[in-house]
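Data first, discussion second: the structure below is written as structure tokens.
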Ligand SMILES: [Ca+2]
Ligand SMILES: [Ca+2]
């Protein structure tokens, strides 16, 4: 199994992973579910793997990329909204005052999203995300956000798909935001993206059907919401789950506990030099305490980013 | 195109459809989107077709099959619920008093669903639907409900999939109810089922993760809800929509209006002898007035069940 798979580099499905127990665990899991006749064999139709996005497939520091988009949109739209001057949360956003924003909690975040994401059609929203993604760059890495995916995780996505898995995103981020680029960035089609959902309303405008993004949130795909979101959209339990924070705890539980064959993995951010190092005290999102405590008892694999990953980011495109 | 496709029976993808403009329209649409180099060509990844279920893929008379399940469940569970004696809606359900039930409207229906579908895990619910479907029979046709699908529509599903379409269900019925059997009955996997969604809550019970079906409805996938449901789960517009009532009007609009290539179809129930005949005045659900009025202007194909369908039901299994 393992020796044959990784001893020769041309056969290595995970070349950006350093050899060691983490890499071995991934390969052993995939081999165990694909080995016909084995008691751990899983039919291709049930090979479902779910991935958190922020902090698991790409960074979430200094702020999640969707929040960076929202703040850039606020600035772009502010000239037409003089009334935002009286709103302290929007002012904090316009001034990149992240500490104040974070203090405002979920209520503040929803105000930012309502101002930057709503009262437009879904078509117009898609265009705005596309336009932003063409030029906006990460403040530290000076690369476009959509190019900043983790190369080791891209390899896991491809390796799983090569073994007849269907790969899904299950993220606290907005589904509408992610679907614009999920296929291009991860090879994941829009219908395999589960995310938070804003209120949306159908209507006819001058004889044409439109969907309007309205203020407010109708579903939060985080924590206990993740298994619920998986149930609502996928309708069955995955056999593999990849996350990085306590927001993924329930998804990991739902995927792995009391299952005949399953796999859970947590990306632990341990590399302050090449990326970021945090768990209990993240800069913005991504607190990791409970899921880390429960990892050993549940057999979840914990990635030590610093030592397990030979490369962090995918090459420049 | 048409002549070649249907002149020889061994090549006929739709043998249960009588030759005529309806059958031709379906075949011409499929040939137009699959003909490489044609201006109407659509790449396989965008070949998405959505199907209403009740009244489109199987009957909805005398009552929708899910309501038949709910009433059978009420009767099975009633001995443990003496308190139901004081509830007039549940009493109407227990007595098969459909007129009273229908008078109680959506509020009454939700009471029936709450009593028959909730306060259990999703796993227990799946078992109950499976058990019911093994024996419960349609009162008129004396066949099991899940065997009562329309053969002509089964052929359309298979024909589209043979031409690299992905087929989806978009129904006002409960997603949890349909997903139990969608693959077996229609060859449609659970993740390609969009339906109404009940409240669901994640929890740990004696160390095991569970999803509990709770009272109340969090999303109604009907009328304007259909394009919203499609957007939430599929994340893009289908190119073909099949329905049978005004509940499908907005889905048909969203799929077809101002699209380069698209197809809309309405199943009109015109065969009282072999099935049922209704439009403006259905027995329970399936009112068809507005969508029928708008069919011609939008180029939607209207199936005359009596004359277009050589066979109604799939053969006994
Ligand atoms: Ca995360
Ligand atoms: Ca219907």
Legend entry - log10 of Debye I(q)/I(0), alpha-carbon scatterers only, for region A:147-212 at 0.19, 0.27, 0.28 Å⁻¹: -0.79, -1.21, -1.25
Inset, instruction - Could you tell me which of rounded, prolate or oblate describes region A:65-135, using a ≥ b ≥ c as the square roots of the eigenvalues of the alpha-carbon gyration tensor, with rounded for a/c under 1.5 and, failing that, prolate when a/b is larger than b/c and oblate otherwise? - result: prolate
Inset, instruction - Using Cα pairs closer than 8 Å and at least 6 residues apart in sequence, work out the relative contact order for chain B, in percent. - result: 23
Legend entry - Test item: A:175-181 mean partner chain Cβ contacts at 10 Å: 2
Inset, instruction - Starting from the Cα gyration tensor of chain B, take the square roots of the eigenvalues, sort them a ≥ b ≥ c, and report rounded, prolate or oblate (rounded when a/c is under 1.5, otherwise prolate if a/b is larger than b/c, else oblate). - result: prolate
Inset, instruction - Go ahead and estimate [θ] at 222 nm for chain A from helices alone: -39,500 (n - 2.57) per DSSP H run with n ≥ 4, summed, over the residue count, rounded to 500. - result: -11000 deg cm²/dmol
Inset, instruction - List the residues of region B:269-304 whose backbone N lies under 16 Å from a point placed 7 Å from the Cα of residue B:40 along the Cα-to-Cβ direction. - result: B:298-302
Inset, instruction - Return the average number of partner chain Cβ atoms within 10 angstrom of each residue Cβ along peptide B:232-239. - result: 6
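Could you calculate the FRET efficiency of residue A:130 with residue B:96 from 1/(1 + (r/R0)^6), where r is the beta carbon distance between them and R0 is 51 Å, rounded to 0.05?
Working: r = 55 Å, r/R0 = 1.07.
E between residue A:130 and residue B:96, to the nearest 0.05, is 0.40.
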Inset, instruction - Using only Cα atoms, locate the centre of region A:46-75 and the centre of region B:229-304, then give the distance between them in Å, rounded to an integer. - result: 38
Inset, instruction - Count the DSSP beta bridges whose two residues both fall in the protein assembly as shown, then state the antiparallel fraction as a percent rounded to the nearest 5. - result: 45
Inset, instruction - Rounded to whole Å and ordered largest first, report the semi-axes of the equivalent ellipsoid of the protein assembly as shown derived from its Cα gyration tensor (root of 5λ). - result: 43, 28, 27
Legend entry - region B:160-288: antiparallel DSSP beta bridges as a percent of all, rounded to 5: 60
Inset, instruction - Can you put A:204, B:153, B:305 in order of Cβ neighbours within 10 angstrom, beginning with the fewest? - result: A:204, B:305, B:153
Legend entry - Prolate/oblate/rounded call for region B:64-221, Cα gyration tensor, a/c under 1.5 rounded: oblate
Legend entry - Residues residue B:260 and residue A:75, FRET efficiency given R0 of 30 Å [Cβ-Cβ distance, rounded to 0.05]: 0.25
Legend entry - Fraction of antiparallel bridges per DSSP, chain B only, in percent to nearest 5: 45
Legend entry - Sequence of B:179, B:35 once ranked by neighbouring C-beta atoms within 10 Å, starting from the fewest: B:35, B:179
Inset, instruction - Within 10 Å of each Cβ in peptide A:191-204, how many partner chain Cβ atoms are there on average? Round it to a whole number, please. - result: 4
Legend entry - Taking the C-alpha atoms of region B:1-128, convex hull volume expressed per residue in Å³: 197
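Where a number appears in this text, it was derived from the coordinates with a stated rule and is not lab data. Just so it is clear, the model here is predicted, and its values are computed rather than measured. Note that we place each Cβ from the backbone using ideal geometry, even for glycine, and neighbour counts take in every protein chain shown.
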